[in-house]
Amino acid sequence: MRWKNRPPGSNWGDFGPDDQLGRVNLIGREQVLKGAAEVREGRSFCLSLPLDLPGGNSLNPRRHPPRLEPTYRDDGKPVLNFPMVRVDQDSVDVISDDQVRITLQYSTQWDSLAHVGACFDADGDGTEEIVYYNGFRAGEDIMGPLSYGPQGEESACGCDGPHLSHAEALGIENMAAHGMQGRGVLVDLARHFGDERKLVGYDELQAVMQADGVQVEAGDVLVLRTGFAEAVMRMAGNPDPKVLHHTCSVLNGRDTRLLEWITESGIAALCADNYAVEAYPATDMQGRKSILPLHHHCLFKLGIPLGELWYLRDLADWLHAHRRSRFMLTAPPLRLPGAVGSPVTPIATV
């Protein structure tokens, strides 16, 4: 066992000492069949933004829009609209071949369980370590070009490999191999709260679910529409951060009853159409704390992956018109070993 202490309220070890899926384990055959049972019309909805949105990097200065460019031949010539007659004088073919430089969590995305860890005394010796879900370790299982300590100190990593960063455990490829297909359940906060900036806690979430007759069961993927991605779309690649940071609903990660409900509900994943799902930074509190308490609760403690910046308007309108809230969800990330996050093109089928 890689840990002696597990965080209070966590499920570390419940799915096995080496588990890397967390609550995604609950998406099994039964959940796939439940999802398939929601397909009655044979209609599908794309739940992804165009991956070049929001546009710019004003929402997060570390994250940049994708850049497309051609691949290049050995002689340096770009392979785009490339006439193969230059290779074979009898060829009629024209070839285009491209590549992309992409920030994996720029647009519609999954957060893997390697995305957020914590400083925590997992060894039970009174000293904190940087650890992730199920006790996987920074510097051993999640590797980067620098080694950081729990007080922010840094040292040379000494990494020697083909990657500058690599999640040897908890990488996004685990979700991809599992499949990420099951039953989604939509809660339409935007229909009730509009574009108002609103902290949504347990009471508000339950009121909306009760009003709309929404029921969530263990293994479901909970999907929240706030209207944020629709505002992003209206800005057409020129986002106004002053507007976006003060619009639409966000979950209140400081609401302990909300976090307890997430634990008790058995949801396998939590997705939203907004940036970060929860309010960031969270409302202030005294003492040592997580500034992303919902991320801490879901990713670090329970192994619940988070989806962000999903586009939900068309699906939400259809479900509302047909008095439904459930659908089949197919949302595998890229099977990119060692990645911490991934773009995704989720598909809802009804």
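The values are calculated or read from the model by the stated rules, or taken from the named source; none is laboratory data. This structure is a prediction, so every number in the text was calculated from the model and none was measured. For neighbour counting, all protein chains shown are included, and Cβ atoms are generated from backbone atoms with ideal geometry for every residue, glycine included. All accessible areas refer to the heavy atoms of the entire protein, side chains included, with ligands and DNA or RNA removed. Shrake-Rupley method; radii C 1.70, N 1.55, O 1.52, S 1.80 Å.
Restricting to strands (runs of 3 or more DSSP E) lying wholly in region 110-150: which have 2 or more residues that are surrounded by fewer than 16 Cβ atoms within 10 Å (Cβ to Cβ)?
146-148
For region 304-322, indicate whether the set of residues that are assigned to a loop (DSSP other than H, G, I, E, B), among the small types (Gly, Ala, Ser) and over 26 Å from residue 144 (Cα atoms) is non-empty.
Of region 304-322, the ones assigned to a loop (DSSP other than H, G, I, E, B) are 304-305, 309, 311-312, 322.
Narrowing the set further to residues that are among the small types (Gly, Ala, Ser) leaves none.
No: zero hits.
For residue 288, are the conditions met, namely being modelled with pLDDT of 95 or more and either closer than 14 Å to residue 224 by Cα or of a type outside the set (Phe, Trp, Tyr) (or both)?
Criteria not met by residue 288.
Among the listed residues 184, 171, 219, which satisfies the condition of being under 19 Å from the mean Cα position of the chain (by Cα), surrounded by 19 or more Cβ atoms within 10 Å (Cβ to Cβ) and either at pLDDT below 95 or on the phi > 0 side of the Ramachandran plot (or both)?
Answer to the check: 219.
Tell me, yes or no, whether region 63-71 has at least one residue that is in contact with a Phe, Trp or Tyr (Cβ under 9 Å, 6 or more places away or on another chain) and closer than 22 Å to residue 298 by Cβ.
First, pick out the residues of region 63-71 that are in contact with a Phe, Trp or Tyr (Cβ under 9 Å, 6 or more places away or on another chain): 63-66, 70.
Subsequent filtering for residues that are closer than 22 Å to residue 298 by Cβ retains 63.
Scanning region 63-71 turns up at least one residue that is in contact with a Phe, Trp or Tyr (Cβ under 9 Å, 6 or more places away or on another chain) and closer than 22 Å to residue 298 by Cβ.
What pairs come up if the first residue lies in region 191-208 and is in contact (Cβ under 8 Å) with a residue 60 or more places away in the chain and assigned to a helix (DSSP H, G or I), the second is open to solvent by less than 60 Å² (accessible area, probe 1.4 Å) and not small (Gly, Ala, Ser), and their beta carbons are under 8 Å apart, counting only those six or more places apart or on different chains?
Listed by first residue and then by second, the contacts come to 191/225.
Please go through (1) under 26 Å from residue 272 (Cα atoms); (2) at pLDDT 95 or above; (3) in a loop (DSSP other than H, G, I, E, B); (4) more than 19 Å from the chain's Cα centre (by Cα) for residue 238 and return the number of the only condition it doesn't satisfy.
(2)
Please go through region 36-58 and give me each residue that is over 22 Å from residue 346 (Cα atoms) and not small (Gly, Ala, Ser), ordered by number.
57
Only residues that are over 30 Å from residue 31 (Cβ atoms) and either open to solvent by less than 50 Å² (accessible area, probe 1.4 Å) or assigned to a helix (DSSP H, G or I) (or both): list them for region 275-296, please.
Within region 275-296, just 282 meets the criteria.
If you scan region 217-235, which residues turn out to be part of a helix (DSSP H, G or I), touching a residue at least 60 places away in the same chain (Cβ under 8 Å) and either charged (D, E, K, R) or farther than 29 Å from residue 38 by Cβ (or both)?
Selection gives 230 alone.
Every residue, every condition in (1) crowded, with 18+ Cβ neighbours inside 10 Å; (2) within 17 Å of the chain's Cα centre (by Cα), yes or no:
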{"position": "262", "(1), (2)": "yes, yes"}
{"position": "273", "(1), (2)": "yes, yes"}
{"position": "306", "(1), (2)": "yes, yes"}
{"position": "327", "(1), (2)": "yes, no"}
{"position": "335", "(1), (2)": "no, yes"}
{"position": "342", "(1), (2)": "yes, yes"}
